[in-house]
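What follows is a single structure, written as structure tokens, with notes after it.
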């Protein structure tokens, strides 16, 4: 037995020095040095390093996001996925331990008188026609991790567990972004509703003046009808915006994991501000921060581990087994110690032969899957960089649009005031007043939309950089 164990130990030492597969490293050339449209500064910090409560400072919005993170059903499912993956990871760690089983058996056998066992019983005069056997033993089996199969199984389980945590982070970043953008859209609808109501009052005042002029014979019925139509055009926007507000509130409520209800808000669209310059940082930091990119990187780790596992299956496996316990052919002597004690130890090396083609195919498929993982990682980095660049240019151009739109609205408001004064003094006709009021209505609605788009672009930049899960 000592010679057997010595030989197996030597074989274990020799084989353990072999490495069956080499990992593919995470590609670093997929990352650019800077983002397109980013302002050139020496600052490498990023807004995504901020906790979301420090980026979204409105108290009502923070309360809404908090509720969504805790109660959102996608988040709850993600937490359960993490729990399941953690259990799997803990279980895989036991692959290094030997398997141990307790066996207790009792049997009786009545052999034929003409059989070898029957003739032996008669020859030795045992005095019974039955052969009984009583056995209680512990059986142990252990496979040496020569080729790193178990080590790679642990690596795979760890990467899969980490993927579930990254999936939870990705869901949270999406929730934070979606809730904030929905909230800003709600503020825009509030603003547009007030604009529509204000314009209704303005058009109503104009209509009353034109009716007085019609009664005095100064304008025709056509003037009254056009003023009435303009009033109704503004008035029909009110129920439209009220409907949109209710729909948006319902959507935000569901996102926050609660029944549709009103959404608290104590600020207006113009009260929400962000710094003029938001730092994007460097792409390499974004790659390590974004959950979807990290998940793609972990997928490559899983693919590396699978290649190692499938390659190890092509090589011989060393298994050591042992068994020991109590054995007796009489129940009265079953626990007679030490006479009933027995023990066996065995070791063997098994090499697959007829399954080698199948195992080789599994290994080649695993290598192809690893190549796919590399491509998918590059694609995830490319998409992430593209999203950041899109958000940066959107912010830049929306700022320019906002400046132009604000100047236009200011001009239109002055034009409306002047048109009303001229109309009252008989120096302008009703068409000029109606046109001015229609233009200012559209201008103010567009300005509110641009302001909301700016706020949403800030939230999108924060998400695209990987912010929101801290």
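Sorting 410-421, 295-306 by their mean Cβ neighbour count within 10 Å, with the most densely packed peptide first, gives 295-306, 410-421. Once Rg and the Kirkwood radius are both taken over the C-alpha atoms of the range 270-310, their ratio Rg/Rh works out to 1.36. Roughly how tilted is helix 430-464, in degrees to the nearest 10 and between 0 and 90, from the longest Cα axis of the chain? Here the helix axis deviates by roughly 20 degrees.
What is the list of residues in the range 293-324 whose amide nitrogen lies under 17 Å from a point 7 angstrom out from the Cα of residue 87, following Cα to Cβ? No residue passes the distance filter.
Shape analysis of the range 370-412 places it in the prolate category; the axes a ≥ b ≥ c from the Cα gyration tensor give an a/c of at least 1.5, with a/b above b/c.
Considered as an equivalent ellipsoid built on the Cα gyration tensor, the range 148-304 has semi-axes of 58, 16, 13 Å, the largest given first. For the range 399-470 versus the range 304-373, the inter-centroid distance based on Cα atoms is 76 Å.
Can you bin the range 258-336 into rounded, prolate or oblate? Criterion: square roots of the alpha carbon gyration tensor eigenvalues sorted a ≥ b ≥ c, rounded for a/c under 1.5, prolate for a/b above b/c, oblate for the rest. Oblate shape, in that a/c is at least 1.5 and b/c is the bigger or equal ratio. Listing 360, 290, 394 from fewest to most neighbouring C-beta atoms within 10 Å gives 360, 394, 290.
When the alpha-carbon atoms of the chain are used, the pair Rg, Dmax equals 39.0, 142 angstrom.
Ranked by the mean number of other Cβ atoms within 10 Å of their residues, highest first, the peptides 261-271, 156-166 fall in the order 156-166, 261-271.
Based on C-alpha pairs under 8 angstrom that are at least 6 apart in sequence, the range 200-344 has a relative contact order of 10 percent.
Full extension of the chain between residue 100 and residue 60 yields a length gain of 8.6 nm, computed as 0.36 nm times the residue separation minus the alpha carbon distance. Estimated from helices alone, the mean residue ellipticity of the chain at 222 nm is -22000 deg cm²/dmol (sum of -39500 (n - 2.57) over DSSP H runs with n ≥ 4, per residue). Multiplying the residue separation of residue 258 and residue 406 by 0.36 nm and subtracting their alpha-carbon distance yields 49.5 nm. Computed over the alpha carbons of the range 311-470, Rg followed by Dmax gives 40.6, 128 Å.
Taking every C-alpha pair closer than 8 Å and separated by at least 6 residues, the mean separation divided by the residue count of the chain gives a relative contact order of 28 percent. Counting only Cα atoms, the range 177-244 measures 58, 14, 12 Å along its principal axes, largest extent leading. The label-point distance for residue 133 and residue 379, in a model that sets each label 7 Å from Cα toward Cβ, rounds to 5.9 nm. The simple spin-label model puts a point 7 Å past each Cα toward its Cβ; for residue 417 and residue 44 those points are separated by 5.3 nm. Residues 388, 307, 345, arranged from fewest to most other Cβ atoms within 10 angstrom of their Cβ, appear as 345, 307, 388. The modelled label-to-label distance for the pair residue 225/residue 351, using points 7 Å beyond Cα in the direction of Cβ, is 10.1 nm. Neighbour counting of Cβ atoms within 10 Å sorts the residues 464, 332, 284, 21, fewest neighbours leading, into 332, 284, 21, 464.
Every read-out reported here was derived from the displayed coordinates using simple, explicitly stated rules and does not represent laboratory data. Worth saying up front: this structure is predicted, and the values here are computed from it rather than measured. Cβ atoms come from the backbone with ideal geometry, glycine included; neighbour counts cover every protein chain shown.
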